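S.K.: Right, I'll just put the structure down here and ask away after.
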Amino acid sequence: MRSYGRGIYGIDAHYESEGMAAIYLLVSEGRAAIIETAHNASLPHLLTALKALGVKRENIDYICVTHVHLDHAGGAGSYMREFPQAKLVVHPRGARHMVSPAKLVEGVKAVYGEIIPVAEERVIAPEDRRELKFGEMTLVCYDAPGHAKHHMIFFEKSTRSLFAGDAFGISYRWMEGADGRWAFPTASPVQFDPAAMIATTEKIVALAPEQIFITHFGELTNVRKNAALLTEGVKKYVEITEAAAGDKAKIKAGLAELYRETVEKEGTTLPAATVEESLRVDLELNAQGLSCWYSNSRKK
């Protein structure tokens, strides 16, 4: 567990490996909210943090998931069983998948375990800008498409902290440069929308957060720099994909070259020998997502 101050804590979900997915715990006046749940196996790590902080399980008011991809919401049902007073907060487009997760379950049990349904009466599917109060904190829910149509972000007003899920890119702890952490866009399947992602980035900047907490992984404080990087990155993703005519292998090669250029420009040391090894999962998912976007955009 890491304390970011002012009642904000980050817990490593130990999803696939350390430093891959974070869960955030917000505590105010003895009340609390959780943002993201990762998979079922993350729950013991959260419970350990709650015990260390002296937060009672019945004082968890909200469990918020930014979207229903299973590295963010796979553990939601397990969490709701554990915290009987909590409400699950999920985008209106994703709420039905939490109540009836049959479509999510197919092919994922081996990775995430059983996907447990949540009772409909315990689900909040908030409209844009709805406020959720607990203690002296207030989370404002914002629609944030681009990565997925069912994506929300949460802005905590008193600390000016924004919890972005995948809407403000990916930045692992090793992605340090001369000007701090840098991020790249995530275009994973199947609803990537470049125009919407750029618009969401602009919305985030307009909220003027002091820091942004991303699920993959941790805190970003150089907001404007990363907003520019992400916007330019989305445009380059489109250029790479169109030049490749949607061919996944060619897209993957183009992304690898783009990431190599960024690593060199930022003066970052890779954790593995090559970009392909260091960002293996992201290269595959982003190439899939961009190929899917290209195919779908040609059908319109």
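The values are calculated or read from the model by the stated rules, or taken from the named source; none is laboratory data. Quick caveat, the model's predicted, so the values are computed rather than measured. Every residue, glycine among them, receives a Cβ derived from its backbone with ideal geometry; neighbour counts consider all protein chains shown. We work out accessible area using only protein heavy atoms, side chains counted, and drop any ligands, DNA or RNA first. Shrake-Rupley method; radii C 1.70, N 1.55, O 1.52, S 1.80 Å.
S.K.: Using the Karplus equation 6.51 cos²θ - 1.76 cosθ + 1.60 (θ = phi - 60°), what ³J(HN,Hα) coupling, rounded to whole Hz, does each residue of region 256-267 give in order, writing x for Gly and Pro?
M.R.: Whole-Hz 3J(HN,Hα) from phi for region 256-267: 4, 5, 4, 5, 4, 4, 5, 4, 5, 4, 7, x.
S.K.: Next up: Indicate the gyration tensor shape class of region 183-290 (rounded, prolate or oblate), computed on the Cα atoms with a ≥ b ≥ c the square roots of the eigenvalues: a/c under 1.5 is rounded; otherwise a/b larger than b/c is prolate and the rest oblate.
M.R.: Oblate is the answer for region 183-290, as a/c is 1.5 or above yet b/c matches or exceeds a/b.
S.K.: Read phi for every residue in region 211-221 and hand back ³J(HN,Hα) as whole Hz from Karplus 6.51 cos²θ - 1.76 cosθ + 1.60, θ = phi - 60°, with x for Gly and Pro.
M.R.: Result, rounded to whole Hz: 8, 10, 10, 9, 6, 10, 6, x, 9, 10, 10.
S.K.: Ranked highest first by average number of other Cβ atoms within 10 Å, how do 48-57, 135-144 line up?
M.R.: Top to bottom by mean Cβ count within 10 Å: 135-144, 48-57.
S.K.: While we're here: Extending each Cα 7 Å along its Cβ direction at THR269 and GLU18, get the distance between those two points in nm, one decimal.
M.R.: Going by the 7 Å Cα→Cβ label model, 1.7 nm.
S.K.: Tabulate in residue order the Karplus-calculated ³J(HN,Hα) for region 12-19, using 6.51 cos²θ - 1.76 cosθ + 1.60 with θ = phi - 60°, rounded to whole Hz; enter x for Gly and Pro.
M.R.: Running phi through 6.51 cos²θ - 1.76 cosθ + 1.60 with θ = phi - 60° gives 6, 6, 6, 8, 6, 7, 5, x Hz.
S.K.: Follow-up. What does the net charge come to around GLY254 if you take all other residues with beta carbon closer than 15 Å to its beta carbon, with K and R at +1 and D and E at -1?
M.R.: My count for the surroundings of GLY254 gives -3.
S.K.: For the chain, with a Gaussian network of springs between Cα atoms less than 10 Å apart, report the residue from GLN85, GLN288, GLN191 with the top mean-square fluctuation.
M.R.: Fluctuation is largest for GLN85.
S.K.: Pairs of alpha-carbon atoms within less than 8 angstrom and 6+ residues apart define the contacts here; what relative contact order does region 90-245 have, in percent? Provide the component values of the computation, followed by the final result.
M.R.: On the way: 256 pairs, mean separation 28.8, N = 156.
Relative contact order of region 90-245: 18 percent.
S.K.: At ALA245 and GLU58, where each label point lies 7 Å from the Cα along Cα→Cβ, what is the point-to-point distance in nanometres?
M.R.: 6.6 nm
S.K.: Right, another one. Pairs to check: LYS225/LYS252; LYS157/LYS265; LYS149/LYS236; LYS133/LYS236; LYS87/LYS203; LYS51/LYS225. Give those whose C-alpha atoms are more than 31 Å from each other in this structure.
M.R.: In this structure, LYS157/LYS265; LYS133/LYS236; LYS51/LYS225 lie more than 31 Å apart at Cα.
S.K.: Placing unit charges on C-beta atoms (Lys and Arg positive, Asp and Glu negative, everything else neutral), compute the dipole magnitude of region 64-208 about its Cα centre in debye, rounded to 20.
M.R.: 180 debye
S.K.: Note down the nm distance, to one decimal, between modelled labels 7 Å out along Cα→Cβ at GLU277 and at ARG129.
M.R.: Going from the GLU277 label point to the ARG129 one covers 5.1 nm.
S.K.: Run the helix sum for the chain: -39,500 (n - 2.57) per DSSP H stretch of 4+ residues, divided by residue count, reported at 222 nm to the nearest 500 deg cm²/dmol.
M.R.: Estimated from H runs of four or more residues: -11000 deg cm²/dmol.
S.K.: Run the dipole for region 167-300 about the Cα centre, Lys and Arg Cβ at +1, Asp and Glu Cβ at -1, nothing else charged, and hand back the magnitude in debye, nearest 20. Walk me through the intermediate numbers first.
M.R.: Working: 16 positive and 18 negative charges, 89 e Å.
Dipole size: approximately 420 debye.
S.K.: Tell me which residues come under 5 Å, amide H to amide H, from TYR4 once H is placed; ignore anything under 5 positions away on its chain.
M.R.: TYR9, GLY10
S.K.: Further, regarding this structure: How about region 1-89: which GluC sites (Glu not before Pro) there are in a DSSP loop, with at most 11 other Cβ atoms within 10 Å of their Cβ?
M.R.: In loop regions of region 1-89 (DSSP not H, G, I, E or B), the sparsely surrounded GluC sites (Glu not before Pro) are GLU18, GLU29.
S.K.: What does the accessible area per residue of region 122-184 come to in Å², with a 1.4 Å probe and no ligands, DNA or RNA counted?
M.R.: Accessible surface, normalised per residue, equals 34 Å².
S.K.: Relative contact order for the chain using alpha-carbon pairs under 8 Å, separation at least 6, rounded to a whole percent?
M.R.: Contact order relative to length: 14 percent.
S.K.: Is region 135-195 best put as rounded, prolate or oblate by its Cα gyration tensor, with a ≥ b ≥ c the root eigenvalues, rounded for a/c under 1.5, and otherwise prolate when a/b is larger than b/c, oblate when not?
M.R.: oblate
S.K.: Among the DSSP beta bridges whose two residues both lie in the chain, what percent are antiparallel, rounded to the nearest 5?
M.R.: Around 70 percent antiparallel, to the nearest 5.
S.K.: Just one of (1) 134; (2) 165; (3) 125 is volume of the Cα convex hull per residue in Å³ calculated from these coordinates, so which is it?
M.R.: (3)
S.K.: Suppose every K and R has +1 on its Cβ and every D and E has -1 on its Cβ; what is the size of the dipole of the chain about the Cα centre, in Debye to the nearest 20?
M.R.: 560 debye
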